[in-house]
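See below for the structure under consideration.
Nothing in this text is a laboratory measurement; each read-out follows from the coordinates by a stated rule. A quick note: this is a predicted structure, and the numbers were derived from the prediction, not measured. Heads up, the Cβs are rebuilt from the backbone with ideal geometry, glycines too, and the neighbour counts pull from every protein chain shown.
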């Protein structure tokens with residue numbers, strides 16, 4: 001790997017300011033075409049589960065969101081479109097009525113009806129089913145299916161984001177009859193959905209083969225067959241693309257972009273990630289319980305340098321806890337500041353006595369995590385912080401995450417599941433949430449009120465005030481909102497989805513034909 | 001063939017002890033590595049749920065009890081159930097075993113078939129350009145890290161020269177680069193050892209005698225030299241199979257080859273006890289079987305060994 005990296009550095013130097021050139025623009029000059037009827041894609045890890053309610057891992061949902069349909073669908077443009085539901089409206093503050101698509105069949109021939117929709121959503125939070133998405137629909141009180149093509153969902157309190165929740169994980173519709181008759185394990189091994197591809201075969205760690213669903217209601221996809229291959233190492237994954245063995249690769253690291261963009265037959269497409277890369281903070285543990293210390297740490301991070309040097313410009317500096325592109329993102333806030341002098345001042349004011357501050361970093365849990373941790377540690381040492389970087393395995397991270405036992409800071413990549421702060425900062429930082437290490441009475445009150453309000457003006461005000469409190473108390477240290485880059489053959493027309501959904505439906509994936 | 005049966009019995013007994021020790025070490029180490037249950041459940045699962053899953057998996061029992069159950073199941077050929085894949089561990093591993101055997105045996109044969117002639121040739125042409133070139137290559141093969149060689153091969157032989165696919169499992173063309181990568185270290189070791197073993201034999205009195213009585217050079221090499229140099233070569237070849245299995249982890253990752261090396265590493269991360277135990281046991285079994293045959297070949301090559 002050393003060799004390719006060095007090659008690349010040379011290449012990058014030659015290209016000069018290439019990082020600032022939009023990488024997606026290069027493709028059109030040499031228009032390329034293909035007659036291929038098979039799409040081959042490669043991602044960095046294998047699929048672990050096909051049952052959509054038992055995984056939220058990005059390697060799994062790239063496939064499962066195409067095997068299954070949701071009632072609503074979030075396209076790469078960030079907007080909600082009809083899926084298996086054709087229309088939806090509020091009957092009253094807590095009652096949503098969905099009109100379902102008629103004539104849709106599951107891959108095994110069973111007709112899709114409201115019974116399947118009711119079963120699927122109830123399955124997510126059924127304690128006996130023990131799914132991985134049990135908390136997604138916690139606002140739902142009851143679901144009724146008055147006729148085969150109507151679904152009425154009653155929420156406990158007003159839930160303005162229900163249609164958005166239904167578009168993401170947990171919301172995939174599975175066939176009631178089939179799941180009940182074969183059981184969860186067989187369903188996972190031979191999944192059946194309504195999506196644009198149907199399950200063909202899967203050889204673990206080798207490839208998954210998906211066949212086009214010829215009768216798909218949204219139109220048959222561009223190809224007859226889609227093969228998803230796991231290629232864990234970056235260099236071979238890129239080599240497979242450059243050689244034309246695969247059509248699309250995911251997880252293209254920022255320092256490899258020039259290599260793909262500089263090749264005659266390939267290009268780079270990226271989407272600004274719908275979320276942030278943050279250092280989670282255990283705010284219960286001194287000295288991190290002191291907001292002044294956290295402010296100092298934040299001020300000492302030169303995020304511009306991280307974006308420029310480690311990410312080759314493929315990211316932006318966040319300005320708060322709301323990701324750019326989300327509802328209620330406040331464009332008037334300045335990017336998080338870098339001011340080492342002020343940082344030193346605040347450390348002094350905080351009475352910091354050289355206590356150890358830990359970063360428990362992972363390696364490649366999020367892109368560039370270890371490199372960023374080391375860079376940040378160096379910046380903190382410069383202002384006199386006694387920082388220790390420790391490397392932990394994924395499984396150790398998972399355990400610490402569950403037990404809430406991180407010693408100081410750790411990498412996290414909060415995804416905005418709903419295109420709204422409720423699906424990101426409130427989902428993760430609320431009382432009892434997965435990152436509950438910090439409490440503020442006013443913040444909690446606002447978050448709860450905003451969740452259950454259908455008044456967008458009120459919600460805007462609440463998130464504005466919550467952002468202000470967040471920036472004073474810093475329960476996370478936001479570091480970067482990165483681009484997620486893909487490498488593509490030039491004949492592939494494909495728009496990446498900011499939320500890691502990998503959309504192969506007809507509206508989003510085309511192969512340019514001769 | 002007097003004494004051959006006790007010789008066999010003794011070797012077999014030692015092989016069983018080795019397998020038992022390996023299984024025990026893996027059992028203990030996996031349990032030291034931590035609890036798999038937190039990785040199986042969503043982050044907000046309640047404590048009662050964690051305890052229920054622990055009970056279901058038998059992880060609530062004391063360690064000695066778990067160990068006895070493990071050994072008795074093992075004796076019945078039952079490796080337990082994979083907690084990650086939710087099927088019998090052996091079924092999971094079996095799916096990967098063919099790929100590893102295909103790659104491992106090809107690398108092994110490739111290494112032996114290329115390395116022995118090179119070592120022999122180097123020895124016969126000692127201190128010539130051919131010898132220096134061959135041993136220089138061997139030095140590179142022995143010292144270059146596997147992932148480096150693998151990626152180098154991909155860049156040069158696949159991407160630039162367009163001779164082979166970059167990665168994945170398929171026909172024989174897919175096999176060449178990973179087998180070369182995996183076999184490189186073994187090849188180098190065998191070549192170097194062959195050279196020194198042959199050199200040692202070439203200086204022996206019986207070779208001089210053979211030449212003196214006018215035996216053709218080809219026969220001197222084939223009959224007198226190779227057979228006598230064979231013991232250390234066979235030994236290192238057998239032992240190198242272990243190195244090969246170790247190297248498979250990296251090679252399989254670089255070439256996205258669906259073998260047990262990769263499975264073992266992922267299963268360690270998942271703390272999938274049963275799969276790790278099954279993989280390591282089968283790998284140890286392969287190693288033991290190969291070395292058992294090495295021992296048998298000793299007996300054939302040198303009657304003094306089976307007598308002693």
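Miscellaneous remarks
- Calculated on C-alpha atoms, the gyration radius of region A:258-377 divided by its Kirkwood radius gives an Rg/Rh of 1.02.
- Average projection area in nm² (convex hull over Cα atoms of region A:471-514, one quarter of hull surface): 4.6 nm²
- Computed from the alpha carbon atoms alone, the convex hull of region B:194-308 holds 133 Å³ per residue.
- Every Cα-Cα pair in region A:269-328 was counted, and those over 17 Å apart are 52% of them.
- Relative contact order for chain A, counting Cα pairs under 8 Å that sit 6 or more residues apart, in percent: 21 percent
- Residues residue A:182 and residue B:91, FRET efficiency given R0 of 22 Å [Cβ-Cβ distance, rounded to 0.05]: 0.75
- Extension gain, residue B:18 back to residue B:139 (0.36 nm per residue minus Cα-Cα distance, nm): 40.4 nm
- Taking the inverse of the mean reciprocal distance over all distinct Cα pairs, the Kirkwood hydrodynamic radius of region B:120-159 comes to 11.4 Å.
- Distant alpha-carbon pairs in region A:355-514 (separation over 27 angstrom), percent: 42 percent
- With 5 Å bins from 0: P(r) over region B:89-171, alpha-carbon pairs, percent: 3, 11, 13, 18, 19, 15, 10, 6, 2, 1, 0
- For region B:192-243, the C-alpha radius of gyration divided by 2.2 N^0.38 Å, with N the number of residues, is 1.27.
- On full extension, the segment bounded by residue A:110 and residue A:154 gains 13.1 nm, given 0.36 nm per residue less the C-alpha separation.
- Highest to lowest packing among B:278-285, B:69-76, scored as the average C-beta count within 10 Å: B:278-285, B:69-76
- Of all DSSP-defined beta bridges confined to the protein assembly as shown, some 75% are antiparallel rather than parallel.
- Likely footprinting exposure, A:490, A:156, A:464, fewest C-beta neighbours within 10 Å first: A:156, A:464, A:490
- Spacing of the modelled spin labels on residue A:465 and residue A:220, each 7 Å from Cα toward Cβ, amounts to 5.7 nm.
- Over chain B, dividing the summed -39,500 (n - 2.57) contributions of all DSSP H runs of at least 4 residues by the number of residues returns a 222 nm mean residue ellipticity of -25000 deg cm²/dmol.
- Point-to-point label distance, residue B:227-residue A:87, nm (Cα→Cβ direction, 7 Å offset): 9.4 nm
- Projecting label points 7 angstrom from Cα along Cα→Cβ for residue B:130 and residue A:390 puts them 5.9 nm apart.
- Debye log10 I(q)/I(0) at q = 0.11 Å⁻¹ for the protein assembly as shown, Cα point scatterers: -1.38
- Scattering profile of region A:183-248 at q = 0.13, 0.27 Å⁻¹ [log10 I(q)/I(0), Debye over alpha-carbon scatterers]: -0.47, -1.13
- Cα convex hull volume per residue for region B:1-124 (Å³): 199 Å³
- Residue order, fewest to most beta carbons within 10 Å, for A:267, B:126: B:126, A:267
- Between residue A:363 and residue A:403, the FRET efficiency estimated from the beta carbon spacing at R0 = 25 angstrom works out to 0.75.
- For region A:61-211, the equivalent ellipsoid derived from the alpha-carbon gyration tensor has semi-axes of 25, 16, 15 Å in decreasing order.
- Packing-based exposure ordering (other Cβ within 10 Å, fewest first) of A:502, B:164, B:148: B:148, B:164, A:502
- Kirkwood-type radius of chain B, with distances r between different C-alpha atoms, in Å: 22.2 Å
- Note that region A:421-514 shows a convex hull volume over its alpha carbon atoms of 148 Å³ per residue.
- Calculated P(r) of region A:39-88 - Cα pairs past 14 Å, %: 59 percent
- Only helices enter this figure: runs of n ≥ 4 DSSP H residues, each worth -39500 (n - 2.57), summed and divided by the residues of chain A, yield -8500 deg cm²/dmol at 222 nm to the nearest 500.
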